[in-house]
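Let me begin by presenting the structure, written as structure tokens, before commenting on it.
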């Protein structure tokens, strides 16, 4: 006679599968929302409607709520009791403080990356810097912004420190609004920024820990200076970007 499975034994397995499914959907929802926020597709300060997002992504509200919690921890949204979830917007004073934290993290990243970076990563950074230089004439701010994110992500990964990478990514997420504005309103600074990136690659290629650390700290602080200059200027048109 065929054996029958005890329904009480099936229940935990079904619950585990459902939990795994919900977690997977939450991760997918988180990644898609993060992409939209970082790209500017969802505006800074915008309110995120749980039901609308669930419908748009084709998931239930549970994974969306989990995604909101993860994005809150990542510094991309803020959850306000009785008001809802909003894409985070830093004040200028908050941005100044976060830039200081980022400078410290970038310095450590530079020192460790100079010790641990491999040849393939150096070549990847050189290729990105070359693309940056090519944008000096076209003056496409959005394209430059994407390359800038990619460049610093490669350097951060080259430090081979998962905890440091997690903290770095949170700080980067918090500053994305202002970094995007800096580039969009300061097209003329692209050439200067590109030279800074090229110098960083050369220091890393030489394995010069102190120089890589100093250049990355200076690069972040220069970026903060460019931010203040950029905010004093009118925004560029979409063509200039």
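What follows draws every value from the coordinates through simple rules; no lab data is involved. These numbers were taken from a predicted model, which means no experiment stands behind them. Quick reminder, even Gly has a Cβ in these numbers, built from the backbone with ideal geometry, and neighbours come from all protein chains shown.
Descriptive notes on the structure:
- The stretch 16-128, relative contact order in percent, only Cα pairs under 8 angstrom and at least six apart counted: 24
- Computed E for residue 214/residue 80 - FRET, C-beta separation, R0 35 angstrom, nearest 0.05: 0.30
- The listed peptides 141-148, 41-48, 77-84, ordered by packing as a protection proxy, come out as 141-148, 41-48, 77-84 (highest mean of other Cβ atoms within 10 Å first).
- Each pair of Cα atoms in the stretch 92-231 enters the Kirkwood radius, and Stokes-Einstein at 4 °C and 1.567 mPa s then converts it into a translational diffusion coefficient of 88 µm²/s.
- Taking a ≥ b ≥ c as the square roots of the eigenvalues of the alpha-carbon gyration tensor, the stretch 16-165 is classed prolate because a/c is 1.5 or more and a/b outweighs b/c.
- On the beta carbon distance between residue 115 and residue 231, with R0 = 30 Å, the FRET formula returns roughly 0.25.
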